[in-house]
Amino acid sequence: MHSVTPPKALTGKSRKAFWMKQLHTWHWMSSAISLVGLLLFTITGITLNHAAEIEAKPVIEERTAQLPADLLAGLASKDGEAERAPLPAPVAAWVADTFAVKVRGEAEWSADEAYLALPRPGGDGWVAIDRATGEVTAESTDRGWISYLNDLHKGRNSGTAWKWFIDIFAGACLVFAFTGLFLLQLHAAKRPSTWPIVGVGLLIPVLIALIFIH
């Protein structure tokens, strides 16, 4: 195995070369990790900024079914007072299979019905079960791919795994930005325009915020 020379043993140009190599390594690795995410969040940043101009055409689908009598008995036995609690496992499995939806979260219970909201990226949905008759109504709304990607940008109803992805992606972007900043510092002596350009990049949003945002 090749040993890495510690920074303290380096002097002058060799120390600069050591850190240059380290910064370039972390810079390209973080850029590779965050590349696809940056493209996604950049494109959806534009679509969100022009959300009022991009017309969405929601597709709404409503379906009905009859809950089997044995499952209905389980619902009727629950306390009639309003509360929030998950659907019984057999009922949840039947709803998921019948309407091809992911049943998760807590339902809202009343004396008359059990209502389960099923929000998701790019759409919405709900299931209502009549506790007296067993009639089940399910509605699904699909707002299209642009809405789906916009909701991923905001982390809306996207689940725990996507939340973790956003955190990891944001960390990679920070590494990319800070290593880029240090690389600018190392190259600034030979590139006099470096800091003026960085300053312009800071000044533009500050001026817009101060002058045009009220």
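The values are calculated or read from the model by the stated rules, or taken from the named source; none is laboratory data. If you're wondering where the values come from, they're calculated on a predicted model, not measured in any experiment. Cβ atoms come from the backbone with ideal geometry, glycine included; neighbour counts cover every protein chain shown.
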The lone exception for Gln22 - which of (1) assigned to a loop (DSSP other than H, G, I, E, B); (2) over 29 Å from the mean Cα position of the chain (by Cα) it fails:
(1)
Considering only the stretch 93-118, state which residues are surrounded by 14 or more Cβ atoms within 10 Å (Cβ to Cβ) and of a type in the set (Ser, Thr, Tyr).
Thr98, Tyr115
Could you tell me whether any residue of the stretch 129-137 is out of contact with any Leu (no Cβ under 7 Å at 6 or more places or on another chain), surrounded by 17 or more Cβ atoms within 10 Å (Cβ to Cβ), of a type in the set (Gly, Ala, Ser) and in the same structural domain as Val103 (by TED's automatic domain parsing)?
no
Could you please find all residues in the stretch 45-65 being assigned to a helix (DSSP H, G or I) and in contact (Cβ under 8 Å) with a residue 12 or more places away in the chain?
Gly45, Thr47, Leu48
Checking Asn157 against (1) in contact with an Asp or Glu (Cβ under 6 Å, 6 or more places away or on another chain); (2) assigned to a loop (DSSP other than H, G, I, E, B), the condition it does not meet:
(1)
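Within the stretch 66-91, restricting attention to residues that are modelled with pLDDT of 85 or more and in a loop (DSSP other than H, G, I, E, B), which residue is nearest to the chain's Cα centre (by Cα)? Give the derivation first.
Here is the first cut: in the stretch 66-91, the ones modelled with pLDDT of 85 or more are 66-73, 84-91.
Still in the list and also in a loop (DSSP other than H, G, I, E, B): 67-68, 86-88.
Numbers: Leu67: 34, Pro68: 37, Pro86: 24, Leu87: 26, Pro88: 29 Å.
Only one residue fits best here, namely Pro86.
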Within the group Ala128, Ala111, which residue is part of a loop (DSSP other than H, G, I, E, B) and not acidic (Asp, Glu)?
Ala111
